[in-house]
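Readers should treat all values here as calculations from the given coordinates under stated rules, not as data from a laboratory. Remember, predicted model here, so these are calculated numbers, not experimental data. Methodologically, a virtual Cβ is constructed for each residue, glycine included, from the backbone with ideal geometry; neighbour enumeration extends over all protein chains shown.
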Amino acid sequence: MKKTRTEHDSMGELEVDINALYGAQTQRAINNFPVSGLKLPESFIRALLLIKSAAATANMTLAHLSKEKGQTINLVIDKLLVDANLMDHFPVDIYQTGSGTSTNMNANEVIANVASQICGEKIHANDHVNFGQSSNDVIPTAIHVSASIALHNKLLPALKSLSSTIHIKAQELDAFTKNGRTHLMDAMPMRFSQSLNSWAMQIEQNINHLQLLQPSIQCLAQGGTAVGTGINADPAFAKVFNTALSDITGITFKPSNDFFAAIGTQDTAVALSGQLKTTAVSIIKISNDLRWMNSGPLAGLGEIKLEALQPGSSIMPGKVNPVIPESACMVGAQVIGHDAAITIAGQSGNFELNVMLPLIAHNLMSSIDLLSNVSVLLADKAIKTFTVNTQKINDTLARNPILVTALNSLIGYEKAALIAKIAYQEGRPIIDVAEQHTDLTRDKLEVLLNPIKLTEGGIPH
């Protein structure tokens, strides 16, 4: 039998593991929500602790918390943030009360318990650690803070690195020309650099759109307390709190222009999730292009060779699969799923409070983490290291009847279409068929049908 101690809250007494740092309200949540076994992400819990630290600093500044109590609270938080077993103290299931009150009280209880032991006098979870706060403004604030930190420190750097890697690879491959494809069918030729730089543009557009959302996600609900009126919080609390939090994180946070909207809705989180979904779509597109170009190596396109990272089959010796692009596609699918759940959760802003906050927090942070991690893998283990199969791309270019498009302005669309059909049917290079069925000389056709020249646009003449 586990040893326990008796804790109490406003509902009465409860037995808690004797070694647990949390108290009665956390234990009630453990008992009430044995749903998934999933905890809120560590990045979210760390943001929550930073919020408690900034709140303690603000309350000391405004003389609502003694210097001794406030400094002790901050000391405890500093210790927790370097605790290798941090998440052992935060066991509450994601699928809990929709306001996240259980997680807010979990943090309050852990901090108060340890702080009381250090300073030798009672530090109360509600009266001191949670002073001037409500779960209803703390948890929305933690969603924004954790997302802001992860965007700033992890996702945006990862996407910038991915874009840079693509540009470098594009420059390396500028001299290589391949068949373009539309509808998965042969189209006009293009340089590898043109294809890759389009990927980089996708990533850069996502970076730009994410950066446009940063000012909104860095506006915080803290100070609105229960319903947005700011009851039980000093009128100056929000401003002082945001200054303290900005100093701690190095990121500029500001009070929301409307606490009612910040607490009653999660529109900003929904917008951020939507942009994460768009980023996921871009990652999937790039990954599938890599998979198609790598396909084969004999029966597929076989235009490139991805780095061989592991055996691809338990039964077929020598088989190697495009594992990094496949991983990236699964990440994209999961992020899209997260966004669907966040969209539904965002609709649950009933009157003055959204009541699916833990779900939003979990899915939003999971999406950011997944995209950050897989962007690095895609850059370093797929794009940076793939090689071009020059023989394959040159062979298919020479046999691509669509090159006849370059002759449209000289012989007309219908004549060009006839030449293309003959080339398809007879399996002959387009230049041979064109020489036979037009008045153009071989030398002229070699100039007109030069694949490199055709990647430069304009009207051939």
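Here are a few things to note about the model shown:
- For the stretch 1-52: rounded, prolate or oblate by the Cα gyration tensor [a/c cutoff 1.5]: prolate
- Around Trp292: net Lys/Arg minus Asp/Glu count, Cβ-Cβ under 15 Å: +2
- The listed peptides 114-127, 146-159, ordered by packing as a protection proxy, come out as 146-159, 114-127 (highest mean of other Cβ atoms within 10 Å first).
- Local electrostatic count at Gln96 - Lys and Arg +1, Asp and Glu -1, tallied over other residues with Cβ under 14 Å: +1
- Dimensions (Å) - the stretch 306-461, Cα atoms, principal axes, largest first: 77, 49, 26
- When only Cα pairs below 8 angstrom with a gap of at least 6 residues are kept, the stretch 1-121 shows a relative contact order of 33 percent.
- Cα centroid separation, the stretch 1-54 to the stretch 200-253: 27 Å.
- Each of Arg5, Arg291 was scored by other Cβ atoms within 10 Å of its Cβ. Arranged with the fewest first, they read Arg5, Arg291.
- Taking every alpha-carbon pair under 8 Å whose residues sit at least 6 apart, the chain reaches a relative contact order of 16 percent.
- Here the gap between Ser246 and His209, fully extended at 0.36 nm per residue and compared with their Cα-Cα distance, gives a gain of 11.0 nm.
- Near His124: Cβ cut-off under 12 Å, other residues only, Lys/Arg at +1 and Asp/Glu at -1. The net charge is -2.
- Within the straight-line cut-off of under 21 Å between alpha carbons, the lysines reachable from Lys122 are Lys52, Lys67, Lys69, Lys79, sequence neighbours fewer than 8 places apart in one chain being disregarded.
- Where [x] 60, 23, 17; [y] 91, 31, 17; [z] 44, 27, 20 are the candidate values, the label of the one calculated here for semi-axes √(5λ) of the Cα gyration tensor in Å is [x].
- Computed over the stretch 273-353: relative contact order in percent, which uses C-alpha pairs under 8 Å that are six or more apart: 35
- Estimated at 0.36 nm per residue, the fully extended path between Ala175 and Ser10 surpasses their Cα-Cα distance by 52.1 nm.
- Solution diffusion estimate, µm²/s, Stokes-Einstein, the stretch 399-454, Kirkwood Rh from C-alpha pairs, 37 °C, viscosity 0.692 mPa s: 303
- Separation in nanometres of the label points that stand 7 Å from Cα toward Cβ, at Gln275 and Ser295: 3.4
- Dipole in debye (nearest 20) - the chain, about Cα centre, beta carbon charges: Lys, Arg +1; Asp, Glu -1: 800
- Cross-link reach is defined here as a Cα-Cα straight distance under 18 Å, omitting same-chain residues fewer than 8 places apart; for Lys178 the aspartates and glutamates meeting it are Asp186, Asp289, Glu303, Asp395, Glu446, Glu456.
- Ranked list, fewest to most other Cβ atoms within 10 Å of each Cβ, for Glu414, Glu446: Glu414, Glu446
- For the pair Asn85 and Lys421, a Förster radius of 56 Å applied to the C-beta separation gives a FRET efficiency near 0.20, rounded to the nearest 0.05.
- Residue among Phe90, Pro460, Pro358 farthest towards the positive dipole end of the chain, charges placed on Cβ: Pro460
- Sorting Ser287, Ser10, Ser295 by the number of Cβ atoms found within 10 Å of their own Cβ, with the fewest placed first, yields Ser10, Ser295, Ser287.
- ³J(HN,Hα) computed for each position of the stretch 31-46 - Karplus, 6.51 cos²θ - 1.76 cosθ + 1.60, integer Hz, glycine/proline x: 5, 7, 10, x, 9, 10, x, 8, 9, 5, x, 4, 4, 5, 4, 4
- In this simple spin-label model, placing a label point 7 Å from the Cα along the Cα-to-Cβ direction at both Asn232 and Thr182 gives a separation of 6.4 nm.
- Listed by chain and number, the lysines whose alpha-carbon sits under 19 Å from that of Lys415, ignoring those within fewer than 8 places in the same chain, are Lys444.
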